[in-house]
Amino acid sequence: MASCPLRAAALAVVAFGAACAAFPGRQEARGPSRAAAPIPRPPAPIAEPPEPVTGTGSAEPAAPPLAVDRKDDRPAREVLAEVDAWLLELRRLHGPDAQRRASDLLADFATLARRLGAGAAAERAREIEEDARALAVDPGWFGRTDRARGGLLGTVAALERIAERRGPELRPWIAAARAAAAAIRPENPFGLERTAIQDAYRAVADAFRAAIHLERAQRS
């Protein structure tokens, strides 16, 4: 009879073991596997400085010649057409490019003074060309506003000589051009005087336009 309790206890142990086997044991948390880790990229190589290129003609292109240096024998109307095109460019250019275009315009004004005038007007044309050259090749730290103003006032003086030959009808146009040129403040940088400079160039161009129209009317 004593064997019955022992047998019952053994059965209980077996049953408890089976029950425990039915539930999975606790597992420790694990990180991502080594295979899932990103593969590090090798460092980018440091670029070496480019080798200097010699003898291949890859140098920067030379700047085009100054308009003041070209031989200009075009008729006045063709020169004025170029002035109109350059005036449109002057509105969107900045810095040395704007000063270079302003120089080109002065060169055309000198050509127009020679075409429409004589004597004193031709003398003024040489002075205009001096300002044109200085404006292009020596822009200066703050810009050569004084050269633009001086060239424009010299052009107005040439227009006054032309008016002496063509007639008083040009006086209102010349007065407007002189006032516009005088309004430029030479002590300011070229960029700060952009609006005043553009207005003066347009006023001078309009005076030449009136002179050309008057010349054609007098020839008719």
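Read-outs throughout are calculated quantities, based only on the coordinates presented, and are distinct from any laboratory measurement. All of these numbers come straight from a predicted model, not from anything done at the bench. Cβ: placed from backbone, ideal geometry, glycine included. Neighbour counts: every protein chain shown.
Quick rundown of the values:
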| read-out | value |
| --- | --- |
| Whole-number Å³ per residue for the convex hull built on Cα positions in the range 75-219 | 85 Å³ |
| R0 of 22 Å, Cβ-Cβ distance Ala182-Arg126: FRET efficiency to nearest 0.05 | 0.50 |
| Separation of the Arg219 and Leu192 label points, Cα + 7 Å toward Cβ, nm | 4.5 nm |
| Additional length obtainable on full extension of the chain from Arg70 to Ala175, 0.36 nm per residue less Cα span | 34.8 nm |
| Residue order, fewest to most beta carbons within 10 Å, for Asp131, Asp146, Asp69, Asp108 | Asp69, Asp146, Asp108, Asp131 |
